Amino acid sequence: MVARRGSACWPAAMHALLAATKAFLDPIPAAAAFLADWPRAAPTRVAVPSTLPVLAWLADCAAHTAPATAPLMRALLATPNLSWRQTYSTADLPPAFLARYGWTELVGKRGPVPSEAIAAGFLLLGPHTHYPRHSHAAEELYIPLAGTAEWLRGEAPFAPVPPGVPIHHPSWMAHAMRTGAAPLLAFYVWRGGDLTQKSTFI
């Protein structure tokens with residue numbers, strides 16, 4: 001259930017998180033096309049707070065970040081009452097994966113800041129987790145904030161990507177990620193296609 005309220009109902013931490021997110025993205029050239037659709041409205045949608053097992057690793061992410069990503073990491077950790085969700089169920093992926101996977105949306109059709117053009121938020125994967133090869137119609141940009149996971153793009157092999165390095169997936173490009181001993185926290189932004197579409201596993 002999603003309640004609609006004025007932006008004044010949001011704690012200062014949420015406004016600080018949104019400001020930190022925009023400040024983080026502004027100097028990244030790969031984010032420019034996505035920022036063209038960044039909404040100017042304040043948060044108007046309040047989601048019922050929810051938690052997931054994967055959040056047990058969120059605080060650990062602070063130990064695996066980089067100086068450039070640390071301010072956004074701190075802003076996220078300081079923001080209460082976020083709605084953490086999962087796209088999949090046990091019909092799609094095993095319980096072991098679901099226990100180490102979750103995301104929260106800031107901007108989009110479900111986040112506190114409404115947008116029909118983009119969806120943006122945070123993905124969290126626990127350690128030793130393989131997010132299988134998948135694709136979707138939306139163009140996607142990931143920027144790891146904490147944890148050096150391995151990423152697969154198209155036909156290229158898995159390769160490690162440190163925090164702060166953007167990863168671009170054009171529409172329908174196959175991609176996957178897998179973590180090692182450290183959890184992964186990444187910022188994502190989608191545009192085009194169905195912004196609530198479930199990925200297709202390949």
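The values are calculated or read from the model by the stated rules, or taken from the named source; none is laboratory data. Computed from a predicted structure; not experimentally measured. Please note: Cβ atoms are built from the backbone with ideal geometry, for glycine as well, and neighbour counts cover all protein chains shown.
Looking at this structure, is Ala137 of a type in the set (A, V, I, L, M), free of Cβ contacts under 8 Å to residues at least 24 places away in the same chain and either assigned to a strand (DSSP E or B) or more than 25 Å from Leu77 (Cα to Cα) (or both)? Lay out the reasoning, then the answer.
On the way: of a type in the set (A, V, I, L, M): yes; free of Cβ contacts under 8 Å to residues at least 24 places away in the same chain: no; either assigned to a strand (DSSP E or B) or more than 25 Å from Leu77 (Cα to Cα) (or both): yes.
The answer is no for Ala137.
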Selection status of Leu58, modelled with pLDDT of 95 or more and within 16 Å of the chain's Cα centre (by Cα): yes
Residue in the stretch 146-167 that is without any contact (Cβ under 8 Å) to a residue 60 or more places away in the chain and of a type in the set (Asp, Glu) present: yes
Matching residues, the stretch 30-82, being surrounded by 18 or more Cβ atoms within 10 Å (Cβ to Cβ) and assigned to a helix (DSSP H, G or I): Ala31, Phe34, Val54, Trp57, Cys61, His64, Leu72, Met73, Ala75, Leu76
Selection from the stretch 179-201 of residues that are in a strand (DSSP E or B), surrounded by fewer than 17 Cβ atoms within 10 Å (Cβ to Cβ) and not hydroxyl-bearing (Ser, Thr, Tyr): Phe201
Criterion (buried (at least 20 other Cβ atoms within 10 Å of the Cβ) and charged (D, E, K, R)) met by exactly one of Glu155, Glu140: Glu140
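Inside the stretch 92-134, can you point out the residues that are of a type in the set (Phe, Trp, Tyr) and part of a helix (DSSP H, G or I)? Working first, answer last.
Keep residues of the stretch 92-134 that are of a type in the set (Phe, Trp, Tyr), which gives 97, 101, 103, 122, 131.
Once the filter is applied, which keeps residues that are of a type in the set (Phe, Trp, Tyr) and part of a helix (DSSP H, G or I), the stretch 92-134 yields only Phe97.
Where residues in the stretch 148-178 are of a type in the set (Val, Ile, Thr) and in a loop (DSSP other than H, G, I, E, B), which of them is farthest from Arg133 (Cα to Cα)?
The first filter runs over the stretch 148-178 and keeps only residues of a type in the set (Val, Ile, Thr), leaving 148, 161, 165, 167.
Now restrict to residues that are in a loop (DSSP other than H, G, I, E, B): 148, 165.
Values: Thr148: 18, Val165: 20 Å.
Filtering the stretch 148-178 for residues that are of a type in the set (Val, Ile, Thr) and in a loop (DSSP other than H, G, I, E, B), the one farthest from Arg133 (Cα to Cα) comes out as Val165.
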Residues within the stretch 179-201 that are closer than 17 Å to Gly111 by Cβ and in contact with a His (Cβ under 6 Å, 6 or more places away or on another chain), tallied: 1
Among the residues listed as Arg110, Arg100, Arg85, the single one being basic (Lys, Arg) and loosely packed, with under 15 Cβ neighbours inside 10 Å: Arg85
